[in-house]
Amino acid sequence: MKYQKAGFLTIITLLLLLGSGNVLAKDYTYHTVFVYNFTRYIEWPGAGTETIIGVQGGDKDAMAAFEKMAQSKSMGDRKYTVKVITKPEDAATCHVIFIPDRESDKVAAYAQKYANSPKLIITEKDGLVKKGAMINFIIVDGKMRFELNQSAMDKSGLKVSSQLLSLAIVV
């Protein structure tokens, strides 16, 4: 896997340095930038050219932001697709499973079903990384950060780049 370290680090560093103003609102733009970069710095076994992102519950704001990201970032041989999922079985074809905070009670079901599968489970509520999420967005000092569950990532077969690990709060 080839990484563009400088570009990724610059984007993530800028996001980490931003103030809390828009981050605390349910504007999922920041989430989508992070998720896009996660897909570039995590290696999926047998990865193809399409990345499917499932959004639990189809949160209107999250769906709009992820669909906008998919349209702007799908180019050449890399394509992003976003779909609504309502139960773990719906995520069978997904590479990324995003569970908004309002749907956080569903994390355990997804974690149990896909514990040994190459599916990146991303959440946004404190404590969920210890309940099976692989990446969890948190707010620290008014800034968006992310926790990374190294054990869950290892079990899933996903390989995380050292650049991404250096930016994460590894749990």
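When each pair of different Cα atoms in the chain is counted once in the 1/r mean, what is the Kirkwood radius in angstroms, to one decimal?
Roughly 15.9 Å, rounded to one decimal.
So for 84, 96, fewest C-beta neighbours within 10 Å to most, what's the order?
Final ranking by Cβ density, sparse to dense: 84, 96.
Would you mind computing, in nm to one decimal, how far apart the modelled labels at residue 170 and residue 154 are, each placed 7 Å from Cα along Cα→Cβ?
Label at residue 170, label at residue 154, 1.0 nm between them.
As a test, work out the antiparallel percent of DSSP beta bridges whose residues both lie in the chain, rounded to the nearest 5.
The antiparallel proportion sits near 35 percent.
About the Cα centre, and with charges only on the beta carbon of Lys, Arg (+1) and Asp, Glu (-1), how big is the dipole of the chain? Nearest 20 debye, please.
280 debye
Say the cut-off is 23 Å between C-alpha atoms; which of 68/106; 83/143; 113/155 go over it?
Where the Cα-Cα span goes over 23 Å, the pairs concerned are 68/106; 83/143.
Counting only residues 5 or more places away or on other chains, whose amide H sits under 5 Å from the amide H of residue 97 once H atoms are built in the peptide plane?
For residue 97, the qualifying residues are 54, 120, 121, 122.
Under the 0.36 nm per residue contour assumption, what length would be gained going from the current alpha-carbon distance of residue 140 and residue 126 to full extension?
In short, 4.0 nm is gained.
Rounded to the nearest 500 deg cm²/dmol, what is the calculated helix-only ellipticity per residue at 222 nm for the chain, with -39500 (n - 2.57) per DSSP H run of length n ≥ 4?
-10500 deg cm²/dmol
We did not get these values from a lab; they are worked out from the coordinates using the rules stated. Remember, predicted model here, so these are calculated numbers, not experimental data. Glycine also receives a Cβ, built like all others from the backbone with ideal geometry; neighbour counts cover every protein chain displayed.
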